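To keep things clear, I will list the structure first and then write my remarks on it.
The values are calculated or read from the model by the stated rules, or taken from the named source; none is laboratory data. None of the values given here were measured: they were computed from a predicted structure. Cβ sites come from the backbone with ideal geometry, for glycine too, and all protein chains shown count toward neighbours. Surface areas here come from the heavy atoms of the whole protein model, side chains and all, with no ligands, DNA or RNA. Shrake-Rupley method; radii C 1.70, N 1.55, O 1.52, S 1.80 Å.
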Amino acid sequence: HLGIIHYQRGEHIAAIRQIDAALQLNAKVAAAHNNRGVALAALQRLDEAAASYGRAIALTPDYVDALFNRGNALKELQRLDAALDSYNRALALSPGHVLAWIKRGNVLNELQRHEEALASYDKALALKPDLGEAFNNRAVTLVKLGRRDEALQAYDSAITLKPDDAEAHANR
């Protein structure tokens, strides 16, 4: 738990040291590997973070947080197919994970799979209809699909939910 405390204080290197010490005592604690990954990701050591999440998943294959976190690291590393796989696995275990639906949509957009991305944002909005980020991402996708009138409505929804969202205003 000292590693978590260091992480919460923004002391990421100290967090990794503490978690590594705990893992030397017992390397079979999936949560410790996940927490190590979180601290590594905060330091932008994304390859190492992805590996730590992978160890957590190997120990506990249904570890949704580790799958989600691994997806985030892999997306940042532009390993999009692997990121999508992680998000899909997380969502198979936890279909109500709103952020995983959004991140999945983002990856699908980068893969030029816009219809699937749109479906992911729609799923996120069905679960949490007051999520401006999902409306903005949905609108961006609708523009890519040439559906500009629908995009304007989605941008308006994003702006209504978060009037100070400069990105949504600029995109609109």
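Under the Karplus relation 6.51 cos²θ - 1.76 cosθ + 1.60, θ = phi - 60°, what is the ordered set of whole-Hz ³J(HN,Hα) values for the stretch 7-14, x standing for Gly and Pro?
Each residue of the stretch 7-14 in turn: 4, 5, 7, x, 9, 5, 5, 4 Hz.
To the nearest 20 debye, what is the magnitude of the charge dipole of the chain about its Cα centre, counting +1 on the Cβ of each Lys and Arg and -1 on the Cβ of each Asp and Glu?
Dipole about the Cα centre, nearest 20: 360 debye.
Could you work out how far apart the two model spin labels at ASP62 and ALA170 are, taking each label as a point 7 Å from the Cα in the direction of the beta carbon, and quote it in nm?
It is 4.3 nm.
What is the sum of charges around ASP81, taking Lys and Arg as +1, Asp and Glu as -1, for the other residues whose C-beta is under 15 Å from the C-beta of ASP81?
+3
Quick one: accessible area per residue over the stretch 2-121, 1.4 Å probe, rounded to a whole number of Å²?
49 Å²
Using 0.36 nm per residue, how much length does the chain from ASP20 to THR160 gain when fully extended, once their Cα-Cα distance is taken away?
Going from the current span to full extension adds 45.8 nm.
In nanometres, what is the gap between the two model label sites at ILE13 and GLN112, each 7 Å from Cα along Cα-to-Cβ?
4.3 nm
Return the sequence-ordered ³J(HN,Hα) values of the stretch 92-109 in whole Hz as given by the Karplus equation 6.51 cos²θ - 1.76 cosθ + 1.60 applied to θ = phi - 60°, using x for Gly and Pro.
So the Karplus estimates, Gly and Pro as x, are 5, 8, 9, x, x, 7, 4, 5, 5, 4, 5, 5, 4, x, 4, 5, 4, 4 Hz.
Along the Cα→Cβ direction, 7 angstrom out, place labels at ALA126 and LEU43. What is the inter-label distance in nm?
Spacing of the two 7 Å Cα→Cβ label points: 4.2 nm.
I need the semi-axes of the equivalent ellipsoid of the stretch 56-172: take the C-alpha gyration tensor, multiply each eigenvalue by 5, square-root it, list largest first in whole angstrom.
Equivalent ellipsoid semi-axes, largest first: 27, 14, 12 Å.
Per residue of the stretch 110-126, in order, report the coupling 6.51 cos²θ - 1.76 cosθ + 1.60 (Karplus, θ = phi - 60°) as ³J(HN,Hα) in whole Hz, putting x for Gly and Pro.
5, 7, 6, 9, 5, 4, 5, 4, 4, 4, 5, 5, 4, 5, 4, 5, 5
Which Cα, out of HIS12, VAL29, ALA66, lies furthest along the positive dipole direction of the chain (beta carbon charges, K/R +1, D/E -1)?
Sorting the options by dipole projection puts first VAL29.
Bin all alpha-carbon pair distances of the stretch 1-111 at 5 Å intervals from 0 and give each bin's fraction as a whole percent.
Result, from short to long distances: 2, 15, 23, 22, 19, 12, 6, 1, 0 percent.
Enumerate lysine pairs in the chain that are 8 or more residues apart or on different chains, then count those whose Cα atoms are under 28 Å apart.
Summing the qualifying lysine pairs gives 15.
So which trypsin sites (Lys or Arg not before Pro) in the stretch 1-83 pass both tests, a DSSP loop state and at most 12 other Cβ atoms within 10 Å of the Cβ?
Of the trypsin sites (Lys or Arg not before Pro), the ones in loops of the stretch 1-83 whose Cβ has at most 12 other Cβ atoms within 10 Å are ARG9, LYS28.
Quick one: pull the percent of accessible area on the chain belonging to carbon and sulfur, 1.4 Å probe, ligands and nucleic acids left out.
51 percent
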